[in-house]
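A.B. asks: Below is one structure. I have some questions about it.
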Amino acid sequence: MEEEQSEFRHWDELLPDALGLIFSYLSLKELLEVIPCVCKSWSKAVMGPLCWQYIDLFQWSIRWQPHQLDRMLRMLVARSGGSLRSLHVAGLQNESNFSFITENAGSLQVLRLPRSEISGPIVEETAQRLSTITFLDLSHCPKIGAKAIEAIGKHCKFLVTLCRNMHFLDSAGKVEPEDEANAIAATMPRLKHLELRCHFISTECVLNILSGCPHLEHLDIKGCLEVELDHQFLKDEFPKLKNLLELRLRNVGGPYIGYHEFIDWIYGFSYLRMWVECWLNGEIKLPLSVIECAIPCPSFILQYLLSM
C-alpha cells in the first residue's frame, strides 16, 4: 500500500511547468485571485509563461476603465515571456500598448482587437512584428485605413482569417471606401475566412476579392448595400466558397435601398430617429441584426430613441 502511494505526488509537489499547463485551462479570475493564494508552489507556477499563452480580456475590457485595462494588459503580456499565442482585448485606447503587444508577438497566432482606437500609422509601423498571426480581428476600428490593411497583408503571410466589420456611419466617413477591400484582394491570397460587414463596396470589388483570395471559403458581406451577386456564377467560378453571408436592405414592396438613400436617412439624429420609427412601425422590414449594425447600441435602446 505504501509503495502504491509513493508513486503519486501531492499537487504542491508537481513541477511548475506541469502546473502551468493545468492552470492554463482556468479562467482569468481564478488565475489572478484564487491560485496564488493556495500555496507558494502554485503562486510561483501561476507567474510562469505557460499560464499566459492565451489571454482573453474581452469581458474585463467592458467592465474596467482604460487605465486599469492598460495595466492589466501589460502585466499579463509581460508574464507570457514571449510565448503569447492568443490575445483578445476590446477598446484598446493606448497606441503604446499596441506597440508593446507587437514587441511580444514572436509566437502570436490570434489577435483580436475590436473597437480599438489604434491608428493606421502605428499599424503600418509595427505590422512586420505580426508575421506569425493567422487570425486577426480589427472590427470597428475606425482610425485604421487601407494603408494599414495593405501593410498587414504584406507582412502577415500566414493570415487565413480577417474580421474587419464596421458600423455604417464609420464606413460612410471614408474618403475611398473600396481601398481597404482592394488592399485585401491584392495582398492576402491565403485568406479562407473574411468578414467585411457594412462596407460601402461594389460588386466588382467583391469579385476582385474572390479572385485575389482563391482559397476563400467564408465571406460575410452583410450590410454591403451596393453588392449584387449571381449565386450560380459564384458557384461555377469560385467553387471553394462554401459560405456566403449577404444581407441587403429592401423597402417593403419597393427597390433595394442604395448607398445615397441610406446615408440621407441616417446621417444626423433627426434622420436616424425617423428611420428607427419607420422600422418599429413596420414601414421598413429590416432584420434586427442590420439595425444593430447600423446603430452601435443594444436593441432595447431603440425604443428609448422614440421617447426623446
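A.B. asks: Keeping all protein chains in place and using 1.4 angstrom, which order do H193, H155, H231, H199 fall into by accessible surface area, from largest down?
C.D. replies: Greatest to least solvent exposure: H231, H155, H193, H199.
A.B. asks: Compute the distance in nm between two label points, each set 7 Å from the Cα along the Cα-to-Cβ direction, one at T203 and one at F233.
C.D. replies: 0.5
A.B. asks: May I ask you to rank S116, S107 by accessible area, largest first, using a 1.4 Å probe over the protein chains only?
C.D. replies: S107, S116
A.B. asks: Using a 1.4 Å probe and ignoring any ligands, DNA or RNA, find the accessible area of H167 and quote it in Å² to the nearest 10.
C.D. replies: 30
A.B. asks: Between R74 and I62, 0.36 nm times their residue separation minus their Cα-Cα distance comes to what?
C.D. replies: Result: 2.6 nm gained on full extension.
A.B. asks: For S131 and Y54, compute 0.36 nm times the residue count separating them, minus their Cα-Cα distance, and round to one decimal in nm.
C.D. replies: That pair, S131 and Y54, stretches by 25.9 nm at full extension.
A.B. asks: Please arrange M188, M75 by accessible surface area, largest first, computed with a 1.4 Å probe and ligands excluded.
C.D. replies: M75, M188
A.B. asks: May I ask you to give the solvent-accessible area per residue for region 139-190, in square angstrom, as obtained with a 1.4 angstrom probe?
C.D. replies: 41
A.B. asks: I'd like the accessible area for R190: 1.4 Å probe, protein heavy atoms, all chains in place, Å² to the nearest 10.
C.D. replies: R190 exposes around 130 Å² with every protein chain in place.
The values are calculated or read from the model by the stated rules, or taken from the named source; none is laboratory data. Predicted model only: the values in this text are computed from it and were never measured. Neighbour counts are summed over all protein chains in view; Cβ atoms, including those assigned to glycine, are modelled from backbone coordinates with ideal geometry. The protein model used for the area step is the full one, side chains on, heavy atoms only, and it has no ligands, DNA or RNA in it. Shrake-Rupley method; radii C 1.70, N 1.55, O 1.52, S 1.80 Å.
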